[in-house]
Structures are given as C-alpha cells and as structure tokens.
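K.L.:
Here it is: the structure, laid out below.
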Amino acid sequence: MIRLALIGSSEKAKIYAGLSTRLHRATWTVFAPLDSGDLSKAFGSLAKVTTIDDLFSQKLDDFDAVVVDADADVAERIAKEAMNLSKPALVGMLGQGAETIGAGNVLLMPAHPWRFIPSIQAVRRSVDTGKLGAPGLLRIHRWLPLSKIKSTIIERILPDIDLACWFFNEVPDSVWSLQSAVNDDYIQFHLGFTNGGMAMIDLAASLPSGGDYYSLTMIGEKGAAYADDHHNMNLLYSGGQPSAIRSNQGHAELVHQLQEFVDVIDGKYEQTVSLADTICAVQVVDQVLESANTREVVKKEQRK
Amino acid sequence: MEGLKVLRCGVLSVVKHDYLPRAVAAHSRFELVVVADDADQPDWVHERNQLFADEFSVPYIKNVAKAIAEYDLDLVAVSSQAERHCELAVRAAEEGLHVIADKPMSTSLSECDRLVDAVYKNDIKFLLWNRNYLPSVIQAKEAIDSGVIGELQAVHVDFYFSKDAGPPKGTRKVNDPPIDWLERQIEAHTDGSDGGVGVQPMGELQIEGIYPLGYIHLLTGENVHRVFARTTSHFHQANVDNNVDDLASVSLEIGKGIVGSLCIGRIGAASHPDIGEIKIHAIGSKGGLVITEARPEVSIYYRDQPLSEFKNERIANENDFLLMDDFARSIDTDSEPILNAQNGRDIAATVFASLESCKIGAPVEVFH
C-alpha cells in the first residue's frame, strides 16, 4: 500500500478525499493544507493534518509519495523539496519553472489531468489503436466563464497545447496566434506539425459566469473522433427558453491520474506523462505568446 | 405572385451537381426554358446537358449566343466546369441577363474581377450559390443580430464533409499513373462527389470554402483582411496526385477587429455517420453561441439500412427555395442578393490568399 501525502487547498482536499475508495494500492495518510479552510470537512479521520514544513521535516516516515495540487510557484518549490528528499511526487501545475526542477532518479510526474479526462482518453485510444489513422487536424474550442480569481494565460493555454503535442507526438514546426483587440481573455492559435498535421485552438475566458464549454475533434486519415460538450447536453425546463445542462464526467481524470502515479511507483506501469512533456508544452506556450505579441509566425528554426 | 412576371431562365451548362437549375425550376417565379452550351465542349458535357434538358422537356442548344438571342431570357443559371463559371456568366451579363452561378466562383481571381466589372457595368443581379439560408445558419444570424451575445468578437466555422473522393491516399501502386483530375471528377458524377469538376485541379478549400466563408460574411457583414493557412492532402489519392488539399485550416482576421477561423476538409465517408460535422462557434462580448449546421434533423434507423444512407436526415431545409426567393426579390426590388458578385469575389480572394499563405508559410493580406 502506497501512503500518499496531499498538499493542496482545503477545497481540493475535499475532492481528493472523496477519491479514497477508488484508488487501488494507495491511501491518504497526511494532508498539508495551503490555506486555513475548514479541515474537518476534508479528510476527517482519513489523514493527519500538518504543515508543509512539518511534512518535510517531522512526518517523512508517514508517507511514501506526495501529491501536490497548487499553482505553479508553489508546485515547483515543493517539487524540488520532494526530489531532494527522494519522495516520488505527482505535481501540478508546473509552469515556466519546470525546467529548473531536475528530477534526477526520483519519480516526478507532472500533473496533466486534462489527458486523463474520460473523453480525451477515449479519443487518445482511438488514435493509439490506429482506428483513426495518422492524425491530420486537431480542433479545440475551450470557453471558460469569467472568474474572479483569474488564472494566468499560461495556465489557461498550456493544457490544450500539451494535448496537441501529445496527439501529434511532437512539438509544432510553426506557431501562429491571434488575440482579440477588444477581449484580453481571448486567444486563438494555429499549430503546424510535420507531414501536414495541424491544430487550431481557440480559448476564451470571458463567458458570463456559469458553465464552460469544451469541444475537441481529432480528424485522422481513416476516421474522426468528436469529444464535444454540445453532444452531451441535456435540457432543463424551468420557464422561458430551456437551459442546457452538461452530463458530468465527475473527477475521473483525477482518479486515473492518481492511479497511474501509484502504478508507476509500484513498477506496474510506465509513466505516460513526463517532465519533458511539461517543458515542451511550456516552450510552445512561450511561442504562442511570442507570436501573439510580434504578429509573426514562430518557426522551428527560429526558436531560441 | 399575382402580377409578378415569371422569369425565364436558361441553363448554361449543367455538368456537375444539378441542384442549382433544379432549385430554379422548383420555384414558381422562375421557369427553365432552354439548356445551352458551347459547341466545342467535349462529348460528356453535351451528354449531361442533353440529359437534363430532356428531363425538363426543354431544348438543348449547342450555341450559347443563339439560345440567349432566341429564348427571351431574363436570367441564366451557370453550372459548368469551375474554370468556365465566370466566362459564361460574363457573356450572359453582357447581354443584360441576371446570373446565378454555382460555386466556386472561379479558379482565378482575375476572372472573378472581370465578372464583378461585368455585373456592375451591365447593372444586372448576380447570385453565387451558397448555404446561408439553412435553418441553423439563419438561427445563428438572428441570435447574433439580436445582441444576445453582445458585440461579435470571434467566429469559427468547422466544416467537414464526410465524403470520399476516389481511392484513399497511399493506394496508388508504384507503376500506376497519377489520377487524372478531370477523369476522376467525371467518374465521380454518379455519387455526387464531383464538386471540383473541371480541368484544373482544386482543393477542398477552393471547392467548398465558399460555404463556410459565406457564413462568416453573413454573420459579420465584414471582409477577411488577413489569413494564415495550412493545408495538406491527407485522405484521397486524387488530391495527392494533383497536389491539392483535402484538409485545411485558416486563421482569419476580419473587419471590425473580429478574429476567427475556418477548418475544412473532405474527411472521408467513414468519419461521420452523416454528411459531416459542420459547426459555427461565435464569441461575443456577452456570451457565446454554438450552432450545428445540420439541425433540425430526424434520426432514422432500420434493419438492413444501407451503410451509405445517412442516419440523420435534415428537415425543414428550405435553403434552395429561399435562395431563389431572395434572388427574385433582388430582381424585383433592384436590391442585392444575399451573396452577390462582389461578396463572391471577396470570398474567392480569401481562398486564394489562404493558398498563398500555405505556400509561403506566412500570413497574407487579402486585397479587396
């Protein structure tokens, strides 16, 4: 049984605690909160609560591996500590500092939960098994509601850039971006891959408060896969125009990601997400922003 | 209807999809009176023209000038090989006839410009065939115009036709000759996949780009000013052999600061249970809009259903009727139809700029 420590917000802890019974060969033993939220509603008696400092000084014997769900600055700092202490770590979300971590021989799995979303996994399987043939076009629309606590543009665009690199199994050879002159929360980018592959992604974080929208289409040489919220909407009638309500995919992505982490520690599975993936995605994020700022196409040979 | 003249239409060549002259014939304000073409056209062209003329019990004249002179025409419907669209349309315009032409407008921008000049000089009406009156497209237009999503900031059209186009890519054997474009298009007439009929090979962006770019024009009321594009031949051997795309993506900078994109492809019949996934996405200052172009539709499944039959059937599609209604109104009231010659030319300019962008790997300005 792998004993896991969690570092995250109390809000996140409630979600992770709820996954306890769905994990195989792993259990939560320690929780180090990043805030002062209501801890009684998180793990209850499942895990000891401690501080991050104590976790890495006095509680080292209470856990085998650490799971970090925090913003990039905190995640990167904690990842380095975990590596120094030879504790395997599942860390997200990593950003531009990912290159500085240097995992060495200790398992560092960057959290890319978007890869583990059931619909994305299904699309990926259809590519891996050859059902779709060679990928030709990846089309993603991601629209988010305006948030009081705004994520950075890097945090917003990294997941889809990672998905594009993952599906095409390489970094793009050309990058072209457009931003809206009147909406700072909108960007679209156009990635070109070798052999004619292409990805077109638009991302808006300016919807009115409420639901988000996501659509991913992968068009391959022999077939196509459509993971589209539009297909998965039900209708709610409560007067006036009906509302669309999306069928929930739950937190399956966190379960699958955690289980992979545990299985890799156990030696039962090969790691599918590496620090190199994060570093590649961050580099492409930089190119997307560079293209948006310079209004130039960023090509492979021009890269720094 | 009472008191309004029934307009006499000549069909100038009907060698590919015949939806256009059929739509003319189906509308009560129009009647087909003759099919005409140039005598020097190859036999397969004359055969198709004759077949259509026979079906509608009108004469087939192998002389365009004679048909125009003798049949008291008000308009012509042009559905020839793509490279002849503008030439035939210009000849009709010079005789003062209104014109409805199939897409693409032309295989060359200079031909589009020549047609625009002829339309203005002769003060005639020109309609480029389009799908802007599909029920969902109208719904998108109404939603945007109502202001419910605020000022339009971005618009995207994903336009994938799940049709085949001959043998799949990679199936040509080492010593086989490349597929001849025109031969393939002639052969494709039987299954309706001959949208690119003509001598000059055309990619999907050039053949079908008018439709999604027509939506964008309708929804924004603006021209595209700059494009960045990528294209590839990903599915079909005919496209590979003739070095034309069957998959393309285009980033668009549109008037009034609107941005957008077009993704288009002839992605193969296996890639969707119906004709394809076609969607409009729009972002405004107050919200967003996601529209499936195929709605409304009815799903029909049954034992021994042919694989080639679409399981979802579009219903209440009055696009053809409404286009003809629009054109009649345009003629009656001396107003512009929903997609006129200048609009068509501007869309063609966007397509040609996209092809150039792909060639040079850089954004390209669209000149209007």
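The values are calculated or read from the model by the stated rules, or taken from the named source; none is laboratory data. Since the model is a prediction, treat every value here as computed from it, not as a measurement. Neighbour counts are summed over all protein chains in view; Cβ atoms, including those assigned to glycine, are modelled from backbone coordinates with ideal geometry. Side chains included, ligands, DNA and RNA excluded: accessible areas come from the protein's heavy atoms. Shrake-Rupley method; radii C 1.70, N 1.55, O 1.52, S 1.80 Å.
K.L.:
Of everything in the range B:102-139 that's over 21 Å from B:Ala69 (Cβ atoms) and small (Gly, Ala, Ser), which residue is most open to solvent (accessible area, probe 1.4 Å)?
P.N.:
B:Ser110
K.L.:
Keeping to the range B:30-63, report how many residues are surrounded by fewer than 19 Cβ atoms within 10 Å (Cβ to Cβ) and in contact (Cβ under 8 Å) with a residue 60 or more places away in the chain.
P.N.:
1
K.L.:
Of (1) exposed (fewer than 14 other Cβ atoms within 10 Å of the Cβ); (2) touching a residue at least 40 places away in the same chain (Cβ under 8 Å), B:Glu277 satisfies all except one. Which?
P.N.:
Every listed condition holds for B:Glu277 apart from (1).
K.L.:
To continue, here is another question. Examine the range A:192-215 for a residue that is aliphatic (A, V, I, L, M), in contact with a strand residue (DSSP E or B) (Cβ under 9 Å, 6 or more places away or on another chain) and exposed (fewer than 15 other Cβ atoms within 10 Å of the Cβ), and state whether such a residue exists.
P.N.:
Restricting attention to the range A:192-215, the residues satisfying the condition of being aliphatic (A, V, I, L, M) are A:198-201, A:203-205, A:207.
Add one more test, that the residue is in contact with a strand residue (DSSP E or B) (Cβ under 9 Å, 6 or more places away or on another chain), and what stays is A:198-201, A:203-205, A:207.
Next, only the ones that are exposed (fewer than 15 other Cβ atoms within 10 Å of the Cβ) stay: none.
So far as the range A:192-215 goes, no, none of its residues is aliphatic (A, V, I, L, M), in contact with a strand residue (DSSP E or B) (Cβ under 9 Å, 6 or more places away or on another chain) and exposed (fewer than 15 other Cβ atoms within 10 Å of the Cβ).
K.L.:
So which residues in the range A:215-273 are assigned by TED's automatic domain parsing to the domain that holds A:Leu132, under 15 Å from A:Trp114 (Cβ atoms) and of a type in the set (Ser, Thr, Tyr), if there are any at all?
P.N.:
The one that is assigned by TED's automatic domain parsing to the domain that holds A:Leu132, under 15 Å from A:Trp114 (Cβ atoms) and of a type in the set (Ser, Thr, Tyr): A:Ser215.
Results for (1) within 29 Å of A:Asn183 (Cβ to Cβ); (2) open to solvent by less than 30 Å² (accessible area, probe 1.4 Å); (3) hydrophobic (A, V, I, L, M, F, W, C), shown as yes or no for each residue.
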| position | (1), (2), (3) |
| --- | --- |
| A:Asp73 | yes, no, no |
| A:Lys80 | no, no, no |
| A:Met109 | no, yes, yes |
| A:Pro135 | no, no, no |
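K.L.:
Are there any pairs, at least 6 apart or on different chains, whose C-beta atoms fall under 8 Å, with the first in the range A:111-139 and more than 14 Å from chain B (Cβ to nearest Cβ) and the second among the hydroxyl-bearing types (Ser, Thr, Tyr) and buried (at least 21 other Cβ atoms within 10 Å of the Cβ), and if so, which?
P.N.:
The qualifying pairs are A:His112/A:Thr278.
K.L.:
Here's a check for you: in the range A:137-150, which residue that is among the basic types (Lys, Arg) and modelled with pLDDT under 95 is surrounded by the most Cβ atoms within 10 Å (Cβ to Cβ)? It would help to see each step written out before you state the result.
P.N.:
Of the residues in the range A:137-150, the ones among the basic types (Lys, Arg) are A:139, A:142, A:148, A:150.
Within this subset, residues satisfying the condition of being modelled with pLDDT under 95 are A:148, A:150.
Values: A:Lys148: 5, A:Lys150: 13.
Here the residue is A:Lys150.
K.L.:
So, in the range A:196-206, of the ones that are touching an Asp or Glu at 6+ places or on another chain (Cβ under 9 Å) and of a type outside the set (Gly, Ala, Ser), which residue ends up nearest to the other protein chains (Cβ to nearest Cβ)?
P.N.:
A:Met200
K.L.:
What's the number of the condition B:Glu204 fails, among (1) surrounded by fewer than 24 Cβ atoms within 10 Å (Cβ to Cβ); (2) under 17 Å from the mean Cα position of the chain (by Cα); (3) over 30 Å from A:Ala181 (Cβ atoms)?
P.N.:
Result: B:Glu204 passes all but (1).
K.L.:
Turning to a different aspect of this structure: What's the total number of residues in the range B:280-321 that are over 30 Å from A:Leu146 (Cβ atoms), more than 26 Å from the chain's Cα centre (by Cα) and either open to solvent by 40 Å² or more (accessible area, probe 1.4 Å) or modelled with pLDDT of 95 or more (or both)?
P.N.:
Step one: of the range B:280-321, the residues over 30 Å from A:Leu146 (Cβ atoms) are B:294, B:296-321.
Still in the list and also more than 26 Å from the chain's Cα centre (by Cα): B:299-307.
Going one step further and asking which of them are either open to solvent by 40 Å² or more (accessible area, probe 1.4 Å) or modelled with pLDDT of 95 or more (or both), we end up with B:299-304, B:306-307.
Within the range B:280-321, residues that are over 30 Å from A:Leu146 (Cβ atoms), more than 26 Å from the chain's Cα centre (by Cα) and either open to solvent by 40 Å² or more (accessible area, probe 1.4 Å) or modelled with pLDDT of 95 or more (or both) number 8.
K.L.:
With the requirement that a residue be open to solvent by 50 Å² or more (accessible area, probe 1.4 Å) and at pLDDT below 95, what does the range B:140-164 give you? Please lay out each step first, then the result.
P.N.:
Step one: list which residues in the range B:140-164 are open to solvent by 50 Å² or more (accessible area, probe 1.4 Å), which gives B:141-142, B:145-146, B:148, B:151, B:163-164.
Correct list: B:Lys163, B:Asp164.
K.L.:
Count, please, the residues in the range A:44-60 that happen to be open to solvent by 60 Å² or more (accessible area, probe 1.4 Å) and either within 21 Å of A:Ser20 (Cβ to Cβ) or in a loop (DSSP other than H, G, I, E, B) (or both).
P.N.:
Here is the first cut: in the range A:44-60, the ones open to solvent by 60 Å² or more (accessible area, probe 1.4 Å) are A:45-46, A:48-49, A:51, A:53, A:57-58.
This time we only want the ones that are either within 21 Å of A:Ser20 (Cβ to Cβ) or in a loop (DSSP other than H, G, I, E, B) (or both), so: A:45-46, A:48-49, A:51, A:57-58.
Total satisfying the criteria: 7.
K.L.:
Any idea which of A:Ala227, A:Ala292 is closer than 27 Å to A:Lys12 by Cα and either among the hydrophobic types (A, V, I, L, M, F, W, C) or out of contact with any helix residue (DSSP H, G or I) (no Cβ under 6 Å at 6 or more places or on another chain) (or both)?
P.N.:
Answer to the check: A:Ala227.
K.L.:
Another question, if that's okay. Please specify each residue of the range A:170-186 satisfying the condition of being open to solvent by less than 10 Å² (accessible area, probe 1.4 Å), among the hydrophobic types (A, V, I, L, M, F, W, C) and more than 9 Å from every other protein chain (Cβ to nearest Cβ).
P.N.:
Of everything in the range A:170-186, just one residue is open to solvent by less than 10 Å² (accessible area, probe 1.4 Å), among the hydrophobic types (A, V, I, L, M, F, W, C) and more than 9 Å from every other protein chain (Cβ to nearest Cβ), namely A:Val175.
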